[in-house]
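The values are calculated or read from the model by the stated rules, or taken from the named source; none is laboratory data. What you see is a predicted model, and the numbers here were worked out from it, not measured in a lab. Cβ placement follows ideal geometry from the backbone for every residue including glycine, while neighbour counts extend to all protein chains displayed. We work out accessible area using only protein heavy atoms, side chains counted, and drop any ligands, DNA or RNA first. Shrake-Rupley method; radii C 1.70, N 1.55, O 1.52, S 1.80 Å.
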Amino acid sequence: MTLPPGPSTPRFVQGAYALTMPFRGMRRMRERYGDAFTIDVPIFGRGVVISDPAEIKQLFTTGTDVVDNLDANLGRVLGRGSLFALRGEAHRRGRKLLVPPFHGRRLATYERIVEEETVRELASWPRGRPFPVLPSTMRITLNAILRAVFGAEGAEFDELRELLPRFVGLGSRLAVLPVPRADLGRWSPWGRFLAMRREYDAVIDRLVGKAGDLDGREDVLAMMLQSRYEDGSPMSRGEVADQLLTLLAAGHETTATTLAWAVERLRRHPGVLRALVDEVDAGGRELREATVLEVQRSRPVIDMVGRQVRAERLELGRWTVPKGYAVLVSIGLIHDDDRVFPDARAFDPSRFLGARPDLYHWIPFGGGTRRCLGAAFANMEMNVVLRTVLRDVTLTPTTERDERWHSRGIAYAPAKGGLAVVHRRRARAVPPAAATATGARP
Ligand code: HEM
């Protein structure tokens, strides 16, 4: 077997190193061992980190009989029917049903929802003094998913908006802990988690019950209820609930943190910011789309995606990786590689002007059969939020130091939450809060 070189320090030391310095630590390992190295860390165990474009492409195009998703506790947290928990043929079957609602062409119907949610948030932004945008972008992306994906309104919208951030937050912490053998009671973390899951299932039951006449409905839940597996059977209630939770967990914080990074980057690049405002005023979008790509390249909020070797061995470029090993693709390292992206540390959206990114070089959404299902949805959302922000407020540039990376459990956010200082450009009528029962929004 030929494995890449790597440190020989004990597992917990390597784990602590990776946790405390996720990005700098990876760069140091690359400087020391090259673009691939072997590690031994808690949770993943022994694994190989890769960042060479050819090896990444090979991994993403290898069949699921040889490599499949990593074994993680996600099934226990998101449910056994979650796409993250399904493997092989079951994953292919489940994913086939979820792809059509997220097809690029369909997404224009959701732009209005995202714009309304953004205008509502902008009305609460303070003028002329610094504030973190992350709590705002978290509300925008949560509300957008609840309306466009869950089709929730009224009481169910209000209940899910209150419950889901707590539920997913606790779940992401529990995903990295072993499940206790003994029942530790309703006040233990798992006990509280299961109580929240019952609450969640009850709301989903009500949403499905209300969905009676699906004609004219455009949300993803309505499409799930009408979809059929190849044998003609529908998705079960449990499967619907698990997939909705998966979409929320995968799509809420990731999109919100990327938007916070967009604000952080643009305030430090006034030339790009000015050009974007001019473009919005002229009704264009090309530079904005390139900027979204560049924010994701230079500040990927998910640092790694992983697979596990299921076959006896995986021949991967220069390496032979044994069964059971994790293969971790370092998104941070390939995006930071000058050979792949010249002058990689520079924030330069023009590198994507008039050019689509290579899907094995630019990989914030992972790749292959597991590539992010919501990539087009996320891009639409980020584009509409940025357009609305640039149109309605003036973002003040800053000479402050770059914000550091901060792990929030699921995604890496700017440590100060993407501090912004804004002034009003144009006043807009705030859309009525018709979607909620109470009309109240925090
Ligand atoms: C900027 C925002 C987002 C980022 C950076 C992101 C990133 C990712 C990444 C890295 C993966 C793993 C891919 C792999 O293993 O190769 C993934 C999977 C997934 N994402 Fe996203 N995501 C984002 C937004 C969304 C949204 C908005 C949704 C849905 C509403 C979504 C739904 C999913 C699902 C369902 C999967 C699992 C796919 C599968 O296993 O087949 N994501 N995402």
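In table form, for the structure just shown:
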{"read-out": "Residues of region 182-203 satisfying the condition of being in contact (Cβ under 8 Å) with a residue 24 or more places away in the chain and more than 29 Å from the chain's Cα centre (by Cα)", "value": "none"}
{"read-out": "The one condition in (1) in contact with a Phe, Trp or Tyr (Cβ under 9 Å, 6 or more places away or on another chain); (2) more than 23 Å from residue 173 (Cα to Cα); (3) open to solvent by 70 Å² or more (accessible area, probe 1.4 Å); (4) away from the ligand (no atom under 15 Å from the Cβ) that residue 4 fails to fulfil", "value": "(3)"}
{"read-out": "Matching residues in region 17-59 - criterion: being open to solvent by less than 70 Å² (accessible area, probe 1.4 Å), in a strand (DSSP E or B) and not aromatic (Phe, Trp, Tyr)", "value": "36, 38, 39, 40, 41, 45, 47, 48, 49, 50"}
{"read-out": "Among (1) assigned to a loop (DSSP other than H, G, I, E, B); (2) at negative phi, the one test that residue 354 misses", "value": "(2)"}
{"read-out": "Selected residue (criterion: nearest to residue 5 (Cα to Cα)) from residues of region 320-329 that are surrounded by fewer than 19 Cβ atoms within 10 Å (Cβ to Cβ) and in contact with a Leu (Cβ under 9 Å, 6 or more places away or on another chain)", "value": "320"}
{"read-out": "Every pair of residues 6+ apart whose Cβ atoms lie under 6 Å, when the first sits in region 352-377 and is of a type in the set (Phe, Trp, Tyr) and open to solvent by less than 20 Å² (accessible area, probe 1.4 Å) while the second is near the ligand (Cβ under 9 Å from one of its atoms) and modelled with pLDDT under 95", "value": "377/102"}
{"read-out": "Among (1) in contact with a Leu (Cβ under 8 Å, 6 or more places away or on another chain); (2) modelled with pLDDT under 95, the one test that residue 303 misses", "value": "(1)"}
{"read-out": "Those residues of region 108-152 which are touching a His at 6+ places or on another chain (Cβ under 8 Å) and away from the ligand (no atom under 16 Å from the Cβ), in sequence order", "value": "127, 128"}
{"read-out": "Which listed residue, of 315, 289, 294, is acidic (Asp, Glu), without any contact (Cβ under 8 Å) to a residue 60 or more places away in the chain and open to solvent by 30 Å² or more (accessible area, probe 1.4 Å)", "value": "315"}
{"read-out": "Condition check for residue 344: in a loop (DSSP other than H, G, I, E, B), touching a strand residue (DSSP E or B) at 6+ places or on another chain (Cβ under 9 Å), of a type in the set (Gly, Ala, Ser) and at pLDDT 95 or above", "value": "no"}
{"read-out": "Single condition residue 406 does not satisfy, out of (1) crowded, with 16+ Cβ neighbours inside 10 Å; (2) without any contact (Cβ under 8 Å) to a residue 24 or more places away in the chain", "value": "(1)"}
{"read-out": "Verdict on residue 302 being outside any helix (DSSP H, G or I), out of contact with any strand residue (DSSP E or B) (no Cβ under 6 Å at 6 or more places or on another chain), of a type in the set (Val, Ile, Thr) and touching a residue at least 40 places away in the same chain (Cβ under 8 Å)", "value": "yes"}
{"read-out": "Lone qualifier among 265, 206 - being surrounded by fewer than 24 Cβ atoms within 10 Å (Cβ to Cβ), under 19 Å from the mean Cα position of the chain (by Cα) and not in a loop (DSSP other than H, G, I, E, B)", "value": "265"}
{"read-out": "Evaluation of residue 369 against (1) out of contact with any Ser or Thr (no Cβ under 7 Å at 6 or more places or on another chain); (2) within 13 Å of the ligand (Cβ to nearest atom) (one fails), failing number", "value": "(1)"}
{"read-out": "Single unsatisfied condition, residue 243 versus (1) open to solvent by 40 Å² or more (accessible area, probe 1.4 Å); (2) part of a helix (DSSP H, G or I); (3) within 16 Å of the ligand (Cβ to nearest atom)", "value": "(1)"}
{"read-out": "Filter result (in a helix (DSSP H, G or I), open to solvent by less than 60 Å² (accessible area, probe 1.4 Å) and either touching a residue at least 60 places away in the same chain (Cβ under 8 Å) or in contact with a Phe, Trp or Tyr (Cβ under 7 Å, 6 or more places away or on another chain) (or both)) within region 75-91", "value": "77, 78, 91"}
{"read-out": "Residue list for region 1-29, filter: more than 23 Å from residue 324 (Cβ to Cβ) and among the basic types (Lys, Arg)", "value": "24, 27, 28"}
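Yes or no, residue by residue, for (1) more than 16 Å from the ligand (Cβ to nearest atom); (2) hydrophobic (A, V, I, L, M, F, W, C):
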position	(1), (2)
292	no, yes
303	no, no
322	yes, no
325	yes, no
329	no, yes
357	no, no
